[in-house]
Structures are given as C-alpha cells and as structure tokens.
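To start, the structure under review is shown below, and the notes come after it.
The values are calculated or read from the model by the stated rules, or taken from the named source; none is laboratory data. Just so it is clear, the structure is predicted and the values come from calculations on it, not from any experiment. Neighbour counts run over all protein chains shown; Cβ positions are idealised from the backbone, glycine included.
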Amino acid sequence: MGVPERIKEIEDAMRKWQYNKATEHAFGVAKAQIARLREKMEKEAIRKGAAGAGFQVKKSGDATVLLLGFPSVGKSTLLNKLTGAKSKTAAYAFTTLDVIPGVLQYNQAKIQVLDVPGIVAGAASGRGRGKEVLAVLRNADLVLILIEALHPEHYPAILKEVYDVGVRTNQAPPVVKIAKKSRGGIDISATVPIEVGKETLIEVLKTFRINNADIVIRSPITIDSFIDAIEGNRKYIPSIVVVSKFDLLDEHQQQTFAEKFNFDLAVSAEQDINIERLKEIIYQRLRFIKVYLKEVGKKPDLKEPMIVRKGTTIEDICNRIHRDFVKKFRFAKIWGKGAKFPGQQFRILDKKLEDGDILEIHVR
C-alpha cells in the first residue's frame with residue numbers, strides 16, 4: 001500500500017469516529033500519523049524531482065493577493081474587473097494555464113493580484129497543476145477564495161486542499177515552545193487552559209519521534225494546531241471568501257446558502273456588483289497603514305505615503321529606502337500615534353509604526 005492510499009485509509013476510518021474525550025487520543029494519533037505520512041510523501045517527491053518546476057512569479061507592489069478557486073468560477077473575469085488586466089476568459093474550464101498578474105490600485109496602495117489555474121480535488125497531492133498553484137499560495141499575503149454559488153461543495157474541497165498543503169487561513173500561529181533534550185522524558189506545562197489531554201499530546205510527540213522535551217504552551221491549542229507547532233513549516237495567511245453568480249439563486253436559496261457557509265461577500269463581476277466593496281475589504285484585510293517620510297530640516301511629504309503592513313518597524317522602512325540605512329542608522333524621530341509626543345526620538349530599529357506616523361530617519 002502506497003503513502004496516498006495509507007492516508008486515505010486513515011482519513012476514511014476517522015470519518016466513522018465521533019470526536020469526544022473517549023476518542024480524543026485515537027484522533028490525535030491518527031492525525032499525527034497523517035502528518036508524518038504527508039511529510040514522507042513530500043520528501044519523496046522532492047528526492048525524485050517530482051515536485052515540479054512551479055510557476056515563476058515575481059512579487060511586486062505593496063502586497064500580493066492570490067485568486068483561488070475551481071476551474072471556470074470567474075477568477076479571470078474578477079481579475080480583469082479588479083485590475084484592468086487582460087486575463088483570458090471563456091465558457092469552459094482551465095482557460096488560465098499560467099499565472100496572470102494584475103495590479104489593483106486602491107487608496108494609494110498598489111496590490112498585485114494573481115490569477116492562477118483552477119485547482120481540483122486532490123490538488124495538494126499533485127492532481128492537475130495543484131502543487132504549482134498551491135506553492136504560489138504560500139508566498140501570497142492574502143488568498144481570495146472564489147466559490148460559485150451553484151457549486152457550494154467546492155468550498156470545503158478548497159479548504160481541504162489549502163490545509164493539506166500546510167497553509168492556515170485566518171488563524172494565528174500557536175504559541176508553543178518545544179525544547180528537545182537528551183533524556184528525562186516529556187514535560188508539558190501551560191500558561192493557559194488546554195482542553196487536549198496531556199497523554200494525547202505526549203503520544204502525538206512520540207509519533208514524531210520526540211521522546212524527550214520540555215513543552216511550554218502559551219496559547220489555546222487543538223490537536224491540529226499542536227501538530228502544526230511540532231512541524232513548524234506552516235504558512236499563516238488571511239483570506240477572503242467571495243461568492244460569484246450569487247444573483248442566479250432565488251431569495252430562499254440565497255438565505256440557505258448564507259446560513260450554511262460563512263462567506264465575506266457576494267459579487268458579480270459582469271454586473272459590477274460589490275466590486276468596490278471587495279477592493280475595500282482586500283485593503284482592510286491586508287492591514288495596510290500609511291507612513292509619511294520626512295527629510296531632516298524639511299516638511300513631510302503628505303501626498304505620497306509609504307504603504308506598509310501593520311507591524312512594520314523602523315528597520316523595515318530603512319531596508320526599503322536603502323540597503324545601507326540599517327548599518328548607518330543613528331536614530332529616528334516620529335510624529336503621530338507611534339510617539340508619546342511630537343518628534344519623539346528612538347534609537348531602536350524594532351520600534352513599530354502606526355497608521356499616519358511621520359518618520360524622520362537620521363543616519364551617519
């Protein structure tokens with residue numbers, strides 16, 4: 001039995017179980033086994049050179065958004081509407097056979113939007129061009145999942161493929177510290193209440209051949225997020241779920257759809273419905289802030305802000321201006337919400353900036 005067949009066998013068995021405290025241990029072991037098998041399958045693909053060359057995509061702009069969905073759901077039409085790009089559209093599947101980039105300019109931000117080939121069930125295991133598409137996803141700053149209203153079954157299928165490739169949408173990374181040691185067994189402590197039994201966590205660790213370690217858990221966890229913390233190669237990306245062709249459903253069908261699926265917005269690119277609202281949501285979900293640069297002895301440029309992501313530091317700004325600025329940095333002055341008083345001086349590079357801050361950098 002091959003690795004994919006073994007994974008399917010375990011997943012099929014798990015579907016028959018009812019998750020509760022009595023079966024928690026079995027679920028934990030099974031999920032850990034699946035994670036190990038996927039890791040083995042990926043390593044084998046890389047060893048054989050079967051991972052594929054992938055798409056060559058150069059990131060540009062202030063952030064990158066990936067349009068993800070099944071074939072023929074309207075991704076190309078939506079890209080064209082958002083950016084004015086010329087992605088080919090047609091009334092049949094697999095029109096897009098490569099990555100088509102476009103640039104969405106909104107609220108002074110330049111956002112790269114990528115239309116990729118539609119994925120299908122089994123994409124994470126290599127079906128179609130799934131691996132190449134999902135590899136591009138890992139480098140995106142936001143994923144826009146497009147679902148056709150007439151095919152709601154595509155939504156859980158896409159979520160599974162995204163999950164299987166190690167991408168977590170709209171989740172914060174678990175705060176778990178794992179310090180391996182040579183002896184002494186496994187010791188688990190937590191600064192927050194944890195619902196998963198320690199015996200289950202220990203068995204999961206042993207599945208990954210971790211028999212001696214000190215574990216400190218500082219955020220609520222599930223079995224899945226604990227496995228993510230062990231493997232440590234997950235990508236955490238915000239997402240927007242958009243429904244196309246929603247206008248083709250009657251009122252009752254729309255209500256039923258809305259009750260069953262948690263989506264952000266219904267759009268129609270052809271009829272220009274909610275396109276401007278979608279641009280606003282993209283901007284908000286990317287957590288952009290505006291920073292205004294000021295030269296020493298001059299007034300700040302309040303017309304052309306630098307668009308950056310929330311959490312950006314003085315060091316990040318220095319790196320964007322010139323590669324030598326970090327090495328030659330003396331101090332910076334800040335006017336705005338990021339300072340206690342106008343023109344406050346900072347001699348640290350890891351100071352985080354706030355929206356609307358004016359920044360003056362002094363270098364040697």
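For segment 292-317, the candidate set comprises residues that are assigned to a strand (DSSP E or B) and over 24 Å from the mean Cα position of the chain (by Cα); within that set, the residue that is nearest to LYS327 (Cα to Cα) is LEU293.
Checking each residue in segment 174-208 for being charged (D, E, K, R) and over 22 Å from THR23 (Cα atoms) picks out LYS177, LYS180, LYS181, ARG183, ASP187. When segment 231-265 is filtered for residues that are modelled with pLDDT of 90 or more, surrounded by 21 or more Cβ atoms within 10 Å (Cβ to Cβ) and more than 18 Å from the chain's Cα centre (by Cα), only VAL243 remains.
Counting residues in segment 268-275 that are touching a residue at least 60 places away in the same chain (Cβ under 8 Å), assigned to a helix (DSSP H, G or I), surrounded by 21 or more Cβ atoms within 10 Å (Cβ to Cβ) and in contact with a Leu (Cβ under 7 Å, 6 or more places away or on another chain) gives zero. When ALA179, ALA140, ALA190 are checked against the criterion of being closer than 16 Å to VAL65 by Cβ, modelled with pLDDT of 90 or more and of a type in the set (Gly, Ala, Ser), a single residue qualifies: ALA140.
Quick grid of which residues meet (1) acidic (Asp, Glu); (2) touching a Gly at 6+ places or on another chain (Cβ under 7 Å):
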site: LEU142; (1), (2): no, no
site: ALA149; (1), (2): no, no
site: TYR155; (1), (2): no, no
site: THR191; (1), (2): no, no
site: ILE194; (1), (2): no, no
site: LYS198; (1), (2): no, no
site: GLU203; (1), (2): yes, yes
site: GLU251; (1), (2): yes, no
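Here TYR283 meets the list (1) farther than 17 Å from ILE361 by Cα; (2) assigned to a strand (DSSP E or B) almost entirely, failing just condition (2).
Within segment 18-34, if we keep just the residues that are of a type in the set (A, V, I, L, M) and touching a Phe, Trp or Tyr at 6+ places or on another chain (Cβ under 8 Å), the residue that is surrounded by the most Cβ atoms within 10 Å (Cβ to Cβ) turns out to be ALA32.
Could you please find all residues in segment 314-362 being closer than 24 Å to ASP62 by Cβ, of a type in the set (Val, Ile, Thr) and out of contact with any Pro (no Cβ under 8 Å at 6 or more places or on another chain)? Once the filter is applied, which keeps residues that are closer than 24 Å to ASP62 by Cβ, of a type in the set (Val, Ile, Thr) and out of contact with any Pro (no Cβ under 8 Å at 6 or more places or on another chain), segment 314-362 yields ILE314, ILE317, ILE321, VAL326, ILE334, ILE361.
Of all residues in segment 2-32, exactly one satisfies the criterion of being in a loop (DSSP other than H, G, I, E, B) and within 29 Å of the chain's Cα centre (by Cα), namely TYR19.
Whenever a residue of segment 15-34 is touching a residue at least 12 places away in the same chain (Cβ under 8 Å) and under 13 Å from PHE226 (Cβ atoms), its partners that are hydroxyl-bearing (Ser, Thr, Tyr) and assigned to a loop (DSSP other than H, G, I, E, B), lying with C-beta atoms within less than 9 angstrom and at least six residues away or across chains, give the pairs PHE27/TYR19. Scanning segment 78-116 for residues that are touching a strand residue (DSSP E or B) at 6+ places or on another chain (Cβ under 9 Å), among the β-branched types (Val, Ile, Thr) and at pLDDT below 90 gives THR96, VAL99, ILE100, VAL116. Beta carbons closer than 6 Å, at least 6 apart along the sequence or on distinct chains, pair a first residue in segment 300-328 that is hydroxyl-bearing (Ser, Thr, Tyr) with a second that is part of a strand (DSSP E or B) for THR313/LYS352.
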